[in-house]
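Peer 1: Before anything else, here's the structure in question.
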Amino acid sequence: MRTINVGLIGAGFMGKAHSLAYAAMPMFYWPAPAMPHRLIIAEVNEGLAAEAAQRFGFEHSTADWRRVVDDPRVDLVDIATPNHMHAEIAAAAAAAGKHIICEKPLARTGEEARGMYEAVRGAGVVNMVAFNYRRTPAVALARKYIEEGAIGTVLNFRGTYLQDWSADPQSPLSWRFSREFSGSGALGDIGTHVLDMARYLVGEIASVNAVLTTHIKDRPIQQGGADKLGSAGRAAGDVPRGVVDVDDEVMTALRFSSGAVGSLEATRNAYGRNNYLTFEIHGTEGSIAFNYERRDELQVCFASDPKDRRGFRTVYTGPAHPYGEGLWPIPALGIGYGETKIIECYDLFRAIVDGTPAGPDFADGYQIALACDAITASAERGEWVNVPLVADLYDGG
Ligand code: NAI
Ligand code: SOE
């Protein structure tokens with residue numbers, strides 16, 4: 001069986017999730033498309049890199065990400081750094097002819113995403129953006145229902161992503177609150193997951209009309225290191241505060257190219273919500289609803305049911321559902337975040353080995369970055385703004 005040598009850059013939250021996926025993918029999907037080999041991992045200094053190699057099972061470590069990209073043995077470069085590093089690393093990896101998986105959001109702006117898209121397009125390498133939630137079996141099942149026409153023509157999409165890890169104004173200012181490092185706030189960090197769901201399930205977004213706001217305008221500065229996502233606790237009173245120059249809440253109306261309408265809301269300041277990534281879709285023949293906090297379940301309702309029996313019912317995903325063949329043997333044993341990353345790894349490896357299409361790719365990441373730019377422009381101007389289509393910009397995409 002072929003081996004694919006992985007070079008991973010960044011050993012924080014996503015470094016952990018991706019390392020788990022490389023180790024576990026062949027245990028779930030056997031025969032695996034290829035065996036992942038965890039060859040080299042990069043962190044910001046030699047100590048952290050060596051520790052990460054030991055912890056995450058990599059053979060080598062380095063404090064210089066360029067060594068990963070330049071290593072002739074590396075087949076796949078995995079970008080799991082904060083957002084400001086994505087573009088430079090991706091351009092170098094594409095120039096070196098490496099396949100690439102890049103964490104979301106692909107880039108801080110549409111312009112940055114354009115360069116990344118052109119780099120992989122020119123190099124002809126396999127490329128994927130890590131919007132893993134679409135690989136939750138219940139979400140893939142929702143798409144199957146829609147494609148099969150089970151809910152008829154889609155009329156609307158309501159998507160939310162609500163969390164509360166930064167609701168406390170004393171929760172630290174990490175890279176996620178700085179435009180330089182992240183590009184935007186709730187919009188790029190979690191709103192992009194909803195945009196991925198919207199496009200995956202309903203299609204292209206044609207225009208947006210948005211509100212962006214920043215309720216908590218400064219926070220105690222985090223003293224370096226990976227983002228603890230609020231779990232480091234409240235900073236003591238004397239810690240210097242820094243300015244939050246990104247949004248902490250986004251709301252936007254959506255118009256889809258198909259004629260469907262929709263809405264998106266995202267905030268990391270919603271007390272009581274943890275990873276409340278939801279959608280509800282209404283069609284001419286029925287409805288579908290999903291909540292990641294109950295991610296084994298898909299709610300479906302069909303107009304064809306007798307009136308006195310009509311209502312949402314729950315389908316528990318299991319072996320009969322998308323990706324179920326490799327997961328657990330009976331429904332509702334519990335799909336976790338890790339499984340979505342394992343499935344992502346499986347699809348990426350199939351794309352590298354068999355040429356199976358591997359969405360979301362950098363074209364999708366670029367399209368989502370253009371939607372984010374349009375949302376930002378709309379919030380500034382207080383009007384509807386059209387979203388340019390990557391496919392139109394490039395004569396067929
Ligand atoms: P994190 O803050 O936990 O970890 C980032 C790591 O990158 C840190 O350990 C940091 O030291 C390292 N790093 C920074 N600069 C580096 C450099 N020049 N060379 C090597 N390492 C470097 O951040 P997290 O949460 O892992 O986020 C990373 C990326 O993943 C972001 O783009 C984020 O948006 C995305 N993400 C995606 C998720 C998903 O569900 N798909 C979940 C969480 C994050
Ligand atoms: C923080 O909001 C975060 O880690 C995001 O960066 C991820 O994309 C999301 O999956 C979980 O929450």
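Peer 1: State which entries of LYS16/LYS217; LYS16/LYS98; LYS228/LYS341; LYS16/LYS104; LYS217/LYS341 exceed 27 angstrom in Cα-Cα distance in the structure shown.
Peer 2: Pairs exceeding the cut-off: LYS16/LYS217; LYS217/LYS341.
Peer 1: Given SER304, TRP328, VAL315, which one lies farthest toward the positive end of the charge dipole of segment 285-344, if we put +1 on the Cβ of every Lys and Arg and -1 on the Cβ of every Asp and Glu?
Peer 2: Result: SER304, furthest along the dipole toward the positive end.
Peer 1: Size of the dipole of segment 3-132 about the Cα centre, Lys and Arg at +1 and Asp and Glu at -1 on the beta carbon, nothing else charged, in debye to 20?
Peer 2: Magnitude of the dipole: close to 280 debye.
Peer 1: Counting heavy atoms of the protein chains only and a 1.4 Å probe, report the per residue accessible area for segment 106-180 as a whole number of Å².
Peer 2: Heavy-atom accessible area per residue stands at 35 Å².
Peer 1: In whole Å, what are the Cα extents of segment 84-173 along the three principal axes, biggest one first?
Peer 2: Computed over segment 84-173, the largest-to-smallest principal extents equal 45, 45, 23 Å.
Peer 1: Now, a different point. With a cut-off of at most 15 other beta carbons within 10 Å, and DSSP calling the residue loop, which GluC sites (Glu not before Pro) in segment 1-83 qualify? Please list them.
Peer 2: Numbers: sites: GLU43, GLU46, GLU51, GLU59; in loops: GLU43, GLU59.
Hits after loop and neighbour filter: GLU59.
Peer 1: Also: What number in nm² do you get for segment 137-334 if you take the convex hull of its Cα atoms and divide its surface by four?
Peer 2: Average projection, Cα convex hull of segment 137-334: 13.3 nm².
Peer 1: Heavy atoms only, probe 1.4 Å: what % of the accessible area of segment 213-273 goes to carbon and sulfur, would you let me know?
Peer 2: It is 54 percent, rounded to a whole number.
Peer 1: Something else about it: Roll a 1.4 angstrom probe over the protein heavy atoms and tell me the percent of accessible area of segment 53-160 that is carbon or sulfur.
Peer 2: 46
Peer 1: How large is the dipole of the chain about the Cα centre if only Lys and Arg carry +1 and Asp and Glu carry -1, each at its Cβ, rounded to the nearest 20 debye?
Peer 2: Roughly 680 debye for the chain.
Peer 1: In percent, what relative contact order does the chain have, based on Cα pairs under 8 Å that are 6 or more apart in sequence?
Peer 2: On the way: 898 pairs, mean separation 79.6, N = 397.
Result for the chain is 20 percent.
Peer 1: Per Stokes-Einstein, at 25 °C and 0.890 mPa s, what whole-number D in µm² s⁻¹ belongs to segment 221-360, with the Kirkwood radius over Cα pairs as the hydrodynamic radius?
Peer 2: After rounding, the answer is 126 µm²/s.
Peer 1: Same structure again: Convert 20 °C to kelvin, take the viscosity as 1.002 mPa s, use the Kirkwood radius over C-alpha pairs of segment 1-160 as Rh, and evaluate the Stokes-Einstein diffusion coefficient in µm²/s, rounded to a whole number.
Peer 2: 126
Peer 1: Could you sort 345-353, 182-190 so that the peptide with the highest average Cβ count within 10 Å comes first and the rest follow in order?
Peer 2: 182-190, 345-353
Peer 1: Rounded to the nearest 20 Debye, what is the dipole magnitude of segment 100-229 about its Cα centre when Lys and Arg each give +1 and Asp and Glu each give -1 at the C-beta?
Peer 2: 120
Peer 1: For a quick check of understanding: with a 1.4 angstrom probe and all protein chains in place, what accessible area in square angstrom does ARG199 have, to the nearest ten?
Peer 2: Per-residue accessible area (ARG199): approximately 40 Å².
Peer 1: In vacuum, with every alpha carbon of the chain counted as one equal point scatterer, what does the Debye formula give for log10 I(q)/I(0) at q = 0.11 Å⁻¹? Two decimals, please.
Peer 2: -0.81
The values are calculated or read from the model by the stated rules, or taken from the named source; none is laboratory data. This structure is a prediction, so every number in the text was calculated from the model and none was measured. Positions of Cβ are backbone-derived with ideal geometry, glycine not excepted, and every protein chain shown enters the neighbour counts. These area figures cover heavy atoms from the full protein model, side chains too; ligands, DNA and RNA do not enter into them. Shrake-Rupley method; radii C 1.70, N 1.55, O 1.52, S 1.80 Å.
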